[in-house]
Each structure stands twice: as structure tokens, then as C-alpha cells.
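S.K.: Take this structure first; my questions come after.
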Amino acid sequence: MSAVGTATQLSLSESELKLLQTLVYQECGMYFDARRAHFLADRVQRRLRECGADSFYSYYRLLISNEGRPELAKLLENLTVNETSFFRNKPQLELFHKQILEHLIRRKQQERNYNLRIWSAGCSTGQEPYTIAMLVADAFTGHLRWNTSAYECTFPKPLVPAPWKLEILASDISYSALRAAQEGIYSEHHMAPVDYSNRFRHFDKVDERYVVKKALREMVHFDFHNLKTEYLPQRNDVIFCRNVMMYFDEAEQKRLLDKFFRCLNPEGYLLVGHAESLLGLTDKFTLIYHDAGTAYRRAEVEEL
Ligand SMILES: C[S@@+](CC[C@H](N)C(=O)[O-])C[C@H]1O[C@@H](n2cnc3c(N)ncnc32)[C@H](O)[C@@H]1O
């Protein structure tokens, strides 16, 4: 029987691998195909050693037991790819900043609805939601400038002016990523994409590190959400789910897009990663393209 793994690694038989693939897929939607089977075997080996389990089956029994829930969460954390950065995919953020946000602010103001809700689904260590917060703060500064009297009266200038209520929800399946995101402490290396004006406005430099200032931190609320589940945050104006779907198989991507459709307000926006596309997966969203940036808008009944 063929096995996956090297001499120094745990060798998983095909049936063991299948059991793990199925468990991981059912729990979080990530699909480890033949190309990524070595990665799965390697991570399982590490966890197995860490737990002191004496065989694959004793470890698997632990994973599927009630008392093994924390270990299953740890295994999933070890399988996720947490790569992220501030201001990732600039053309898309430019589209978000200059078109989507401005349109939303203008439209909501006309409707006298001052609630704005943005969800960063799969936020990793926080760079994405803090980037969104910086862009929203910037858009509101511009907005206040147009309404000069309000701008001059308020001091210190709030990042989100009254009567607006902004919620940026940032969620992930990895508790350790969420902890780091909540801490909001970044190295010089992480900060490379952040320009000096944003560094000065939104971060305190403590020794060699940058700490997110309270005002920006308070714009973001972090929480655990597994995108595989049905109970996901509703009534969003914008959902960022970038570089997450690419780890799911097609069936799971389709299910997720249906859920995102339901989680968005009418005409809400969905932003996916640079290497991700909705083509062939759904007809419930319309593509928006501007200067190399892409986004999707929820298509309403009459457009479908
Ligand atoms: C590559 S990072 C992307 C981070 C950020 N969105 C970006 O584009 O820079 C993918 C994130 O998705 C999270 N993730 C993977 N599967 C998930 C699931 N089922 N539910 C919630 N988050 C998940 C991972 O933990 C990881 O932090």
C-alpha cells in the first residue's frame, strides 16, 4: 500500500490520509488534495508528537472525541496559511476606498442610514482589518472636509464622525492569529507597506515595534467564526474574504458564496483575493473592475 510521508516523518496510509482529509474538510472546508497531502501528514505528525499519542488511530480517536475539541482546533490552526500584509492588493483597495466607500457613504447619507458594517472574513493576524479601518478613517476625514462646519467644530477629530456608526468585524478560525490581531503589535518588516502618514496617525512606536493606537483598535471587533458553519454575521455592507476560498474545493466555495450573498445587505460588496474569481461559481454577484482592481456587487433579483 502506498504511503505519504518520508522516512523521518509519520507515514500515513492512504486510508488514514483519507480519514484526515475528510475530517478537516468537514470541520473547516479546507481541502487537502494529493498535492498538499505531504503538508497535512507533516502537520499531523507534529501534533501527534506534541500530544504524546502512540499511533495514528489513538490520535484520530482523540480528534473525533468531545474532549479532543481543543486538539482539533490546534490541528486546524497548524493547517491554516496565515500569510497576510498591510495594504495587500493596492489596486483593489484603491477601488474600495475611492469608489465603493464613497458610494456607500453618499447613498447611506441620502437614506439617513448612518450604519456601516464591514466584515473581514479570514482576517489572520489583523493587517487586513486595520488596513480597512485606516481607509475608512481616511474616507471620513474627506467627508468631514466637505462638510466644513462639522469638521471645524470637532476636536480632537474623531476617526468616525457622529452620527455614523461603523463596525468592522474581523474573524478567523485560528485563535492564535486572532490573539495576535487583537494585540496589534507589528515589526518594522510588517510595517513596510504602511506610509509615514498612516504610521504617525495610527501607530505608537514602542522600542522597535509598532502598536496600533486605541482609536483605530476600537474600530475593529475580533471574533471567532468558522466559515464552514451556517451561522455567520449578517447585514454587512462589504465583505472582504481574500485568500481564504482558494483553500476550499469548488463545492465548498459555492456554498460559501451562497452564504455571503445572504450575509450582505442588498447591493453589498464582496472582495476576494487577487488569485480568486467567482467565474463559474455563482451568478449572484456582478463584477466591478476599475484600474486593475476588482470587486463584486450583490446582484438583486431584477438583475439576475
Ligand atoms: C492566507 S490568510 C488571508 C488573510 C487575509 N484575508 C489576507 O488576504 O491577507 C487565510 C486565513 O483564512 C483563515 N481560514 C481558513 N479557513 C477558515 C475557515 N473555515 N473559517 C475562517 N477562517 C478560515 C486562516 O486561519 C487564515 O488566517
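The values are calculated or read from the model by the stated rules, or taken from the named source; none is laboratory data. Keep in mind that what you see is a predicted model, and the values were worked out from it rather than measured. All Cβ positions, even for glycine, are placed from backbone atoms using ideal geometry, and neighbour counts span all protein chains on display. These area figures cover heavy atoms from the full protein model, side chains too; ligands, DNA and RNA do not enter into them. Shrake-Rupley method; radii C 1.70, N 1.55, O 1.52, S 1.80 Å.
S.K.: Can you name every residue in the range 23-50 that is within 11 Å of the ligand (Cβ to nearest atom), part of a helix (DSSP H, G or I) and touching a strand residue (DSSP E or B) at 6+ places or on another chain (Cβ under 7 Å)?
M.R.: 24
S.K.: Does residue 73 satisfy being away from the ligand (no atom under 13 Å from the Cβ) and over 30 Å from residue 265 (Cβ atoms)?
M.R.: Values: away from the ligand (no atom under 13 Å from the Cβ): no; over 30 Å from residue 265 (Cβ atoms): yes.
The answer is no for residue 73.
S.K.: Another question, if that's okay. Can you tell me which residues in the range 181-218 are hydrophobic (A, V, I, L, M, F, W, C) and under 16 Å from the mean Cα position of the chain (by Cα)?
M.R.: Within the range 181-218, 181 is the sole residue that qualifies.
S.K.: I need a count of the residues in the range 100-115 that are open to solvent by 80 Å² or more (accessible area, probe 1.4 Å) and either part of a loop (DSSP other than H, G, I, E, B) or farther than 14 Å from residue 236 by Cβ (or both).
M.R.: Taking the range 100-115 as the starting set, the residues that turn out to be open to solvent by 80 Å² or more (accessible area, probe 1.4 Å) are 106, 110-112, 115.
Restricting the remaining residues to those that are either part of a loop (DSSP other than H, G, I, E, B) or farther than 14 Å from residue 236 by Cβ (or both) gives 106, 110-112.
Here the count works out to 4.
S.K.: Sort out which residues of the range 163-192 are acidic (Asp, Glu) and either within 16 Å of the ligand (Cβ to nearest atom) or in a strand (DSSP E or B) (or both), and write them in order of number.
M.R.: Those that are acidic (Asp, Glu) and either within 16 Å of the ligand (Cβ to nearest atom) or in a strand (DSSP E or B) (or both): 167, 172, 183.
S.K.: List the helices (runs of 4 or more DSSP H) that sit entirely inside the range 193-304 and contain at least 2 residues that are out of contact with any helix residue (DSSP H, G or I) (no Cβ under 9 Å at 6 or more places or on another chain) and among the hydroxyl-bearing types (Ser, Thr, Tyr).
M.R.: Qualifying helices (runs of 4 or more DSSP H): 196-202.
S.K.: If a residue must be more than 23 Å from residue 90 (Cβ to Cβ) and open to solvent by 80 Å² or more (accessible area, probe 1.4 Å), how many such residues does the range 163-220 contain?
M.R.: 12
S.K.: Can you tell me which residue within the range 148-162, out of those that are part of a loop (DSSP other than H, G, I, E, B) and open to solvent by 70 Å² or more (accessible area, probe 1.4 Å), is modelled with the lowest pLDDT?
M.R.: Residues of the range 148-162 part of a loop (DSSP other than H, G, I, E, B): 154-162.
Within this subset, residues satisfying the condition of being open to solvent by 70 Å² or more (accessible area, probe 1.4 Å) are 155-157, 162.
Working: 155: 62, 156: 70, 157: 76, 162: 87.
Here the residue is 155.
S.K.: Those residues that are among the β-branched types (Val, Ile, Thr) and open to solvent by less than 50 Å² (accessible area, probe 1.4 Å), I need them from the range 48-99; list them, please.
M.R.: 80, 84
S.K.: Exposed (fewer than 15 other Cβ atoms within 10 Å of the Cβ) and hydroxyl-bearing (Ser, Thr, Tyr) - does that describe any residue in the range 23-32? Show your work before the answer.
M.R.: The first filter runs over the range 23-32 and keeps only residues exposed (fewer than 15 other Cβ atoms within 10 Å of the Cβ), leaving 26.
Subsequent filtering for residues that are hydroxyl-bearing (Ser, Thr, Tyr) retains none.
Checking the range 23-32: not a single residue is exposed (fewer than 15 other Cβ atoms within 10 Å of the Cβ) and hydroxyl-bearing (Ser, Thr, Tyr).
S.K.: Further, regarding this structure: Within the range 77-88, restricting attention to residues that are within 8 Å of the ligand (Cβ to nearest atom) and touching an Asp or Glu at 6+ places or on another chain (Cβ under 9 Å), which residue is nearest to residue 292 (Cα to Cα)?
M.R.: Checking each candidate, the answer is 88.
S.K.: Right, something else. Looking only at the range 232-278, how many residues end up being open to solvent by 10 Å² or more (accessible area, probe 1.4 Å) and over 10 Å from residue 119 (Cβ atoms)?
M.R.: Residues in the range 232-278 being open to solvent by 10 Å² or more (accessible area, probe 1.4 Å) and over 10 Å from residue 119 (Cβ atoms): 23 in total.
S.K.: Only one of 202, 221 is out of contact with any Phe, Trp or Tyr (no Cβ under 9 Å at 6 or more places or on another chain) and at pLDDT 95 or above. Can you tell me which?
M.R.: Only one candidate qualifies: 221.
S.K.: When the range 279-293 is examined, which residues are found to be surrounded by 16 or more Cβ atoms within 10 Å (Cβ to Cβ) and either small (Gly, Ala, Ser) or within 17 Å of the chain's Cα centre (by Cα) (or both)?
M.R.: Within the range 279-293, 293 is the sole residue that qualifies.
S.K.: Return the residues of the range 243-266 that are under 20 Å from residue 22 (Cβ atoms) and either basic (Lys, Arg) or over 17 Å from the mean Cα position of the chain (by Cα) (or both); say none if nothing qualifies.
M.R.: The answer is 249, 250, 251, 254, 255.
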